[in-house]
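Quick notes on the structure that follows.
The values are calculated or read from the model by the stated rules, or taken from the named source; none is laboratory data. Please read all numbers here as calculations on a predicted model, not as lab measurements. Cβ placement follows ideal geometry from the backbone for every residue including glycine, while neighbour counts extend to all protein chains displayed.
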């Protein structure tokens, strides 16, 4: 157990009077694979935007003893907070190696930057093995498949030395095999490396298969929190996803997954 | 053959440098009349600006529409020094100033009496201006079109300021009629040849610097900033600093080019630094291939040469040619002539669907020839 | 990257540059030793001789300079038809100055060094002339410059066939004073001609008890004159002295009229508006306003009637003739006169023979002053009429000797620095 | 007092001219991210349309009224041609559109020189627009009042077009989120073309207005294009009201600074103000869509 845990206290984000994230309290521990779910507009992405410094917020977001609120994006990143985006954003014209090398180099000095890369750093080689792209090391990232790009992004988070990983819909648009692959990758990372991982996801099957814990957001507020089973069984969650009233087990399972 | 391996090939690079040096330092002076060699010297100055534009625009994605400002800063600093050095020892006031005003030399001219201060200022002043402007805009994430428009407006304002202060800047005439260059007579053909040699050396040095920056880790980072600036930020870098550095390097190159332009051409006027010349500098870069190392250099020289020879024959023809070049090259061949090969291959592959189409990305990063 | 090799290359090249610099280059102090460089390459051995026309055929000044080119061409054709100069036909080498001083300097050098022309005719803006001046001086060649300008200049290598200040601005001030103007407002474009002209005007005004109520400059190409016209109106001077250039005149006069100001209440005397520009400004906006020149299309003389008729035959009935066109036309005939007097195309011979060369020009008799290379001209103040032409309203009566440094005017002492 | 009033009016008037020049630009820039440097030449085309119409009709009053719609159509057609021939293929490269349209502007300027000659031409203002209206001892030129009114009418028409018509809804949807609009069945191709027609048509109208103020020559457009872009930059993307505020603020600032200094200094100071403003509020400009980030 280390001190790398994320603790949000009364975290609030508002845009011109509209409160997108409303006094959220949440903590995520290392080794946890926390899924953030909720209907469209619940504030999931805005929440990780706020933690990563992209949008201004109030309240506090403590990470590894530091408050992230009010810091600049690249300063937060240097504290070991990494994130991905819904649309995979890799440097399309650079190779896989170059992508990872850049991700690994935020702390490089001027002199290192001014010189050519003579050998591939150890962490990059390791990360490439972890994400399974070793064979594609010299391929421009733009030619990778959608799934491979997402893995590359995750690999970039690893070499970046991020200890808090926030992933925005990492499996959207992936094939079933790719989803599986991604889920196992995330589990491995969270458990083996003892990292703190937060995943924003719509895919309920994926969530059910890999989440160790779940937070449900609705209208900017935390609606429920707990294990997958606990959350699925929560009537308020069912109401948010299915509308008010009684619902048959079949309908509920169709939306929220089996085992309710 | 893979262009990338050519770029990294040590011997090819050395060979290319030697070839260029021989062409410019031996062949050109032997073949050209002094007048034409002077013109070539002028083109080389434009090529220096182009090297910087290639770095900032091609690699960094900053559409620099105001390089005329930095060119002008370097040029006017040099011109001020030359005018002060030419001024009669008795008064110390340059000829054009004495003609229209009796106020004497403005205080901000005084530092440039010193040759050393002048040489330092030619590098430092454009760099400082670029750093200030770069940080002011990039830090606030003003970029893309906004940056382009601002840099353009800056060029306009700079020209207006120069024209509006004829007592201290020579107004719309600019500064000209230089007798000497650091003590050497500008009328002596031997000295003019020396100036040309200095321009060649400066250009080669800039190409070397640009190449080093392009193949370095910084170069990769700059391309990353161009393609996905926010992503770079989330990796813990400060993109503003990365971009500002490239912008400053481009500014210094433009400044030095301007400083050499003055003694070689013999005049600097606001017409050489405003919006139109600033954008005009881009066309050569676009034609040659903005992301390549030598494309901008060759493109700038070719365009300047075409302008001189076309305008000698058809006065209004050049305007049409320039306009059409902008339209056709940028719209249909964004990678410039350097990308002509891949583009043609792409067409051929499309015509023969049996062959699996290769992915060609244009503008390509790897074109380094 | 092989830094070391690049560095070595730079070092070698720098070293060789140093050798070149210190080895054989002449210092500024022994400039006289290099005068030989100015040796002319003009070829007069054949049956023709080359002359250069250097006008802006593109860019903002093309509007005006094309007309000068046309009248230069007319003069050359007439001279050739009449047997040429000293029996040699004139071959024209035309270059485009592109409205940029830098291009003027470059093209001048090309005409002198590359084409080896005997003389160059052209230039319009003071910027273009100032840019060309060192080129002509260092190559010891000849330029004939056909436009009125701000004076305070005299080069052995330039003949100025337009008016200098004492042939245009000073008579214009005399005219306004005669008409009873007690106060003036000065409006001009922001460059050397208006600024120098206004310096002269202020010195004149001081000596003659005229109050200068304001002095405003607009950037070249400025198109919003609301603020400046507001200031002019608020100041309420007796007359406005206008040294605006080009398109700005259009915006200024439209604004002036729309603000309710008229030629009767507050006349605007302009020194840069000729017949050519009146159409663009719109006659309705400028009718009745005075201008100062040395030539109008309406001058009633046989020489002018022929000039206007020839010009219209060559370029169309709709074309008008103006002062700079006439001065350009005249300049070619003056050069012919100088060559015939010197019996030589050589620069030194022409410079020696120039003084006293005279020509019955469309504007009247003009004579070259051998000391300052300007020509004696008659000043004419005209008024713009409804037909778009300008009719003489006042004349200096006889040619005024050129005095570019205003040495003979006591009130101007100290102006020429 | 009188000068105070007339300077305020001059500023508003200058602002209304800027607004006319920038309105169409704000529309095309906001809608498609296209930086149309040839917008200034569309203004020029509008001015020459007024010249041609006046030569055909003779009567200044009638021809002004005919010129306004005619120039709208001429400008609009030029815009459609530009969109269809060049820009259509470049929406993913907004910066490059700047260079391409700069080329177009060079060609159009030279064409104008070759067709209409290099000399400026004059369009006479109708008698009912000549001279000033005097209120409280201050003279307001009628042409400037007319342009002010024209600009306000243009804003009102454009605003109601955007607010109340199906076309307006499509345009607003595309401005906010192009891909979403496309996926919900809006043909962005057609919307783009119509937007470009309207935006470029407004440039034509601006050209007619400018014939009342100054000279009509091939470089008419270059005098306004940079200022118009500054208005758009300050106003913010796709914001008609932003452009309105920016145009009037810049116009008044220009005329006040010019009154106390000179026109040259005023231009430079206004630019400095714009840069300083962007330091304070790049937000009006900077929109992050974190889900896609591109």
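Would you mind stating whether residue A:118 is at pLDDT below 90 and more than 30 Å from residue A:40 (Cα to Cα)?
Considered against the rule, which asks whether it is at pLDDT below 90 and more than 30 Å from residue A:40 (Cα to Cα), residue A:118 comes out as yes.
Considering C:105, C:13, C:6, which residue is closer than 27 Å to residue C:323 by Cα, at pLDDT below 95, crowded, with 19+ Cβ neighbours inside 10 Å and facing chain B (nearest Cβ under 8 Å)?
C:105
Kindly establish whether residue A:133 is without any contact (Cβ under 8 Å) to a residue 60 or more places away in the chain, under 30 Å from residue A:204 (Cβ atoms), away from chain B (no Cβ under 14 Å) and surrounded by 15 or more Cβ atoms within 10 Å (Cβ to Cβ).
Taking the combined requirement at face value, the residue satisfies it.
Return the only residue of C:259, C:235 being touching a helix residue (DSSP H, G or I) at 6+ places or on another chain (Cβ under 6 Å) and surrounded by fewer than 24 Cβ atoms within 10 Å (Cβ to Cβ).
Just one listed residue meets the conditions, C:259.
Could you list, in sequence order, all residues of the stretch A:37-68 that are more than 14 Å from chain D (Cβ to nearest Cβ) and under 14 Å from the mean Cα position of the chain (by Cα)?
Within the stretch A:37-68, A:37 is the sole residue that qualifies.
Here's the yes/no breakdown for (1) surrounded by fewer than 24 Cβ atoms within 10 Å (Cβ to Cβ); (2) out of contact with any strand residue (DSSP E or B) (no Cβ under 9 Å at 6 or more places or on another chain); (3) facing another protein chain (nearest Cβ under 9 Å):
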{"residue": "D:15", "(1), (2), (3)": "no, yes, no"}
{"residue": "D:20", "(1), (2), (3)": "no, yes, no"}
{"residue": "D:54", "(1), (2), (3)": "yes, yes, no"}
{"residue": "D:58", "(1), (2), (3)": "yes, yes, no"}
{"residue": "D:73", "(1), (2), (3)": "yes, yes, no"}
{"residue": "D:89", "(1), (2), (3)": "yes, yes, yes"}
{"residue": "D:92", "(1), (2), (3)": "yes, yes, no"}
{"residue": "D:103", "(1), (2), (3)": "no, yes, yes"}
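Can you tell me which of D:238, D:201 is closer than 23 Å to residue D:84 by Cβ and modelled with pLDDT of 85 or more?
D:201
Give the residues of the stretch A:69-87 that are more than 10 Å from chain B (Cβ to nearest Cβ) and in contact (Cβ under 8 Å) with a residue 24 or more places away in the chain, sorted by residue number.
Hits for the stretch A:69-87 are A:69, A:86.
For the stretch B:94-140, name all the residues that are within 30 Å of residue B:240 (Cα to Cα) and out of contact with any helix residue (DSSP H, G or I) (no Cβ under 8 Å at 6 or more places or on another chain).
Within the stretch B:94-140, B:119, B:120, B:124, B:128, B:132 qualify.
For the stretch A:154-169, enumerate the residues that are closer than 24 Å to residue A:205 by Cβ and either touching a helix residue (DSSP H, G or I) at 6+ places or on another chain (Cβ under 7 Å) or buried (at least 24 other Cβ atoms within 10 Å of the Cβ) (or both).
The answer is A:154, A:157, A:165, A:166, A:167, A:168.
If you go through the stretch D:98-146 one residue at a time, how many are under 15 Å from residue D:216 (Cβ atoms) and assigned to a helix (DSSP H, G or I)?
Matching residues across the stretch D:98-146 total 8.
Does residue C:151 satisfy the criteria of being within 14 Å of chain B (Cβ to nearest Cβ) and within 30 Å of residue C:211 (Cα to Cα)?
yes
Condition first: in a helix (DSSP H, G or I) and surrounded by fewer than 23 Cβ atoms within 10 Å (Cβ to Cβ). Can you find one or more residues in the stretch B:180-187 that meet it?
no
Please verify whether residue C:301 is more than 25 Å from residue D:123 (Cβ to Cβ) and over 25 Å from the mean Cα position of the chain (by Cα), treating the condition exactly as stated.
no
Evaluate the following for residue B:190: is it modelled with pLDDT under 90 and within 14 Å of chain D (Cβ to nearest Cβ)?
no
How many residues, within the stretch D:241-290, are in contact with a helix residue (DSSP H, G or I) (Cβ under 6 Å, 6 or more places away or on another chain), more than 12 Å from chain B (Cβ to nearest Cβ) and either under 30 Å from residue B:234 (Cα atoms) or at pLDDT below 85 (or both)?
Counting residues in the stretch D:241-290 that are in contact with a helix residue (DSSP H, G or I) (Cβ under 6 Å, 6 or more places away or on another chain), more than 12 Å from chain B (Cβ to nearest Cβ) and either under 30 Å from residue B:234 (Cα atoms) or at pLDDT below 85 (or both) gives 1.
Against the conditions (1) facing another protein chain (nearest Cβ under 8 Å); (2) over 26 Å from residue A:54 (Cβ atoms); (3) surrounded by fewer than 22 Cβ atoms within 10 Å (Cβ to Cβ), where does residue B:125 fall short? Just the number, please.
Unmet for residue B:125, out of (1) facing another protein chain (nearest Cβ under 8 Å); (2) over 26 Å from residue A:54 (Cβ atoms); (3) surrounded by fewer than 22 Cβ atoms within 10 Å (Cβ to Cβ): (1).
Do we find that residue C:232 is closer than 23 Å to residue C:260 by Cβ, touching a residue at least 40 places away in the same chain (Cβ under 8 Å) and part of a helix (DSSP H, G or I) in this structure?
Yes, satisfied.
Out of everything in the stretch A:177-198 that is touching a helix residue (DSSP H, G or I) at 6+ places or on another chain (Cβ under 7 Å) and over 16 Å from residue A:127 (Cα atoms), what residue ends up being surrounded by the fewest Cβ atoms within 10 Å (Cβ to Cβ)?
Of everything passing the filter in the stretch A:177-198, A:178 is surrounded by the fewest Cβ atoms within 10 Å (Cβ to Cβ).
To keep it simple, each residue is scored yes or no on (1) surrounded by fewer than 22 Cβ atoms within 10 Å (Cβ to Cβ); (2) over 22 Å from residue D:256 (Cα atoms); (3) facing chain D (nearest Cβ under 7 Å).
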{"site": "C:172", "(1), (2), (3)": "no, yes, no"}
{"site": "C:180", "(1), (2), (3)": "yes, yes, no"}
{"site": "C:184", "(1), (2), (3)": "no, yes, no"}
{"site": "C:201", "(1), (2), (3)": "no, yes, no"}
{"site": "C:214", "(1), (2), (3)": "yes, no, no"}
{"site": "C:229", "(1), (2), (3)": "no, no, no"}
{"site": "C:253", "(1), (2), (3)": "no, no, no"}
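Select, from C:278, C:291, C:187, the only residue that is outside any loop (DSSP other than H, G, I, E, B), closer than 28 Å to residue D:7 by Cα, in contact with a strand residue (DSSP E or B) (Cβ under 9 Å, 6 or more places away or on another chain) and not assigned by TED's automatic domain parsing to the domain that holds residue C:151.
The match here is C:187.
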